[in-house]
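Working notes for the structure below.
The values are calculated or read from the model by the stated rules, or taken from the named source; none is laboratory data. Because the structure is predicted, anything quoted here is derived from the model rather than measured. Glycine also receives a Cβ, built like all others from the backbone with ideal geometry; neighbour counts cover every protein chain displayed.
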């Protein structure tokens, strides 16, 4: 589905990511984790062709994403950035309807099918009742759902999310993560996220990719990746990792900073 | 079967649409009224009957000559220029995502100004080429601004800074020439503050086709302008080529401003303020905001021009001065009153 190899990425001349690569299959739910400045958001931006790369390649269904017409990419892949702005008086439905843009020809008007898909995206994100509210009058969680609905209206196969739960309280965070899980299960939507909360990353993804200083550190199932040793060498944190009996996945409790590593 | 709640929200959306359409209709009505007033008032006042008479016939009467050959062309030019400048400003505010963007920022006004002033002061025998030179100078300056701003893509903040720099340089040139040739400054002052005096049917026939092209191009930009409001990343994710979109929208804006500057000289204020007035009335959606901007621009310039030639008659003021005096307070009123949109 998405295949990144030998990625080299930088700002001006400073190389941030080098020799990075992975292969993601249809229907996977992947979290990119790593400390601040490790280059995980940068990788996500390059995967979504928001940023140019210095070397390497990103293949989407076998085709180079940086060479494909951007509109064609937009029919298969959507990215939700960390910061989003909306004009103050756009309604939820208006915002979501922009998701149909890549599927319409230049200057073509919204068709009945487009409106159906917008309705469907609103239903998936449980926003039907808020469809006519202004985005700016919504709570943070509702606003994030509206943006996810816009991405869904693009009918992508892959959804990239840059820290989708930052700024939200715990219940809204879980609401967003549950929503993504449901979409992943029911629509076979592939999701690649950058997450800060490691326990959430473990809980809601079936694969973790760890970046350290712009290089691939580890790539595997959550239970293999989330270990005391990884936390020590990547985050410099001493932690106790236990397997939670109810969900059968590891979780960690930080004990303190690891010194002398 | 609609539930009570969703029926209520349907009604809500419809009221919004109806309100927006009503604003458009009201603005168009006001435009016709403004145009009508501008035909009535001048150094001679005409009755409504004279105006209707001139449109329907009354061959050879003085009234017909003045109304049809002098006032009507002037009114039409004012409407077109007002609409062009307002649309130009509205598009640039989307391109820069900055409420302070106006047509002057692209360098069009300063570039057009410097070439026009050079001809009027240094080569006065070539004065009839002023419109052509002003248009050319404006486009060259806009090209300079965008070339300077380009660095692996076009960043709004760099366009603004490059625009400020180019404006300062060209503005310096205008000031220098004005001082060196201060004996000939009179005609130049009028041009630098914008004037629609002595415009004939000939001028209308030149401006109309370009304005029409500009209008169509601007209307085709509506969708892109809306998407740019969602931010660069979201626009890219939706498959918009953001750099290309910025350049195309800027080109349309520069063209609209360029033809206006070439025809009537420099008129500030409209391009900056009319889009805001329009936003306060119909919101930020360019499908409504852009057409309403065009109409309000036309109204404002027509009224300002009518005032400019009658208030201190026989002295005629540059229209830019009146514009600021009428438009400024109205803008402040809307700003205080507020709406869904806040500046």
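For segment B:164-254, list the helices (runs of 4 or more DSSP H) that sit wholly inside it and hold at least 2 residues that are away from chain A (no Cβ under 11 Å), closer than 30 Å to residue B:67 by Cβ and in contact with a helix residue (DSSP H, G or I) (Cβ under 7 Å, 6 or more places away or on another chain); which are they?
B:185-192, B:201-220
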**Request:** Consider residue B:13 carefully, then state whether it is at pLDDT below 85 and either within 29 Å of residue B:261 (Cβ to Cβ) or touching a strand residue (DSSP E or B) at 6+ places or on another chain (Cβ under 9 Å) (or both).
**Result:** yes
**Prompt:** Of A:96, A:58, which residue is more than 8 Å from every other protein chain (Cβ to nearest Cβ), within 24 Å of residue A:168 (Cα to Cα) and at pLDDT 90 or above?
**Reply:** A:96
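Answer yes if at least one residue in segment A:223-230 is crowded, with 20+ Cβ neighbours inside 10 Å, at negative phi and under 18 Å from the mean Cα position of the chain (by Cα), and no otherwise.
No: segment A:223-230 contains no residue that is crowded, with 20+ Cβ neighbours inside 10 Å, at negative phi and under 18 Å from the mean Cα position of the chain (by Cα).
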**Prompt:** Before we move on, is residue A:102 in contact with a helix residue (DSSP H, G or I) (Cβ under 9 Å, 6 or more places away or on another chain), modelled with pLDDT under 90 and crowded, with 16+ Cβ neighbours inside 10 Å?
**Reply:** no
**Asked** Mind checking whether some residue in segment A:80-98 is surrounded by fewer than 18 Cβ atoms within 10 Å (Cβ to Cβ) and outside any loop (DSSP other than H, G, I, E, B)?
**Response** no
**Asked** Residues in segment A:199-217: is at least one surrounded by 18 or more Cβ atoms within 10 Å (Cβ to Cβ) and on the phi > 0 side of the Ramachandran plot?
**Response** yes
**Message:** For segment A:22-55, give me each residue that is loosely packed, with under 15 Cβ neighbours inside 10 Å and not in a loop (DSSP other than H, G, I, E, B).
**Reply:** A:23, A:55
**Item:** Any pair with Cβ under 7 angstrom, 6 or more apart, that starts in segment B:284-296 at a residue that is on the phi > 0 side of the Ramachandran plot and at pLDDT below 95 and ends at one that is surrounded by fewer than 24 Cβ atoms within 10 Å (Cβ to Cβ) and part of a helix (DSSP H, G or I)
**Value:** none
**Fill in**
residue B:239 passes all but one of the listed conditions (1) within 19 Å of residue B:101 (Cα to Cα); (2) over 21 Å from the mean Cα position of the chain (by Cα); (3) buried (at least 20 other Cβ atoms within 10 Å of the Cβ); the exception is number (1)
**Prompt:** Does at least one position in segment B:96-104 carry a residue that is under 16 Å from the mean Cα position of the chain (by Cα) and in a helix (DSSP H, G or I)?
**Reply:** yes
**Asked** Can you name the condition, by its number, that residue B:71 falls short on among (1) in contact with a helix residue (DSSP H, G or I) (Cβ under 6 Å, 6 or more places away or on another chain); (2) part of a loop (DSSP other than H, G, I, E, B)?
**Response** (2)
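Does residue B:287 fit the bill of being over 11 Å from the mean Cα position of the chain (by Cα), surrounded by fewer than 24 Cβ atoms within 10 Å (Cβ to Cβ) and within 11 Å of chain A (Cβ to nearest Cβ)?
Yes, satisfied.
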**Request:** Collect the residues in segment A:99-134 that are part of a helix (DSSP H, G or I), closer than 25 Å to residue B:245 by Cα and either at the interface with chain B (Cβ under 10 Å from one of its Cβ atoms) or touching a residue at least 40 places away in the same chain (Cβ under 8 Å) (or both), keeping them in residue-number order.
**Result:** A:99, A:100, A:101, A:102, A:103
**Prompt:** If the Cβ limit is 6 Å and pairs must be 6+ apart or interchain, which residue in segment A:76-88 that is within 7 Å of another protein chain (Cβ to nearest Cβ) pairs with which residue that is assigned to a loop (DSSP other than H, G, I, E, B)?
**Reply:** A:78/A:154; A:78/A:156; A:79/A:48; A:85/B:231; A:87/B:229; A:87/B:284; A:88/B:341
**Complete:** Of the residues in segment B:88-124, those that are more than 14 Å from residue B:249 (Cβ to Cβ), surrounded by fewer than 18 Cβ atoms within 10 Å (Cβ to Cβ) and at pLDDT below 90 number 3
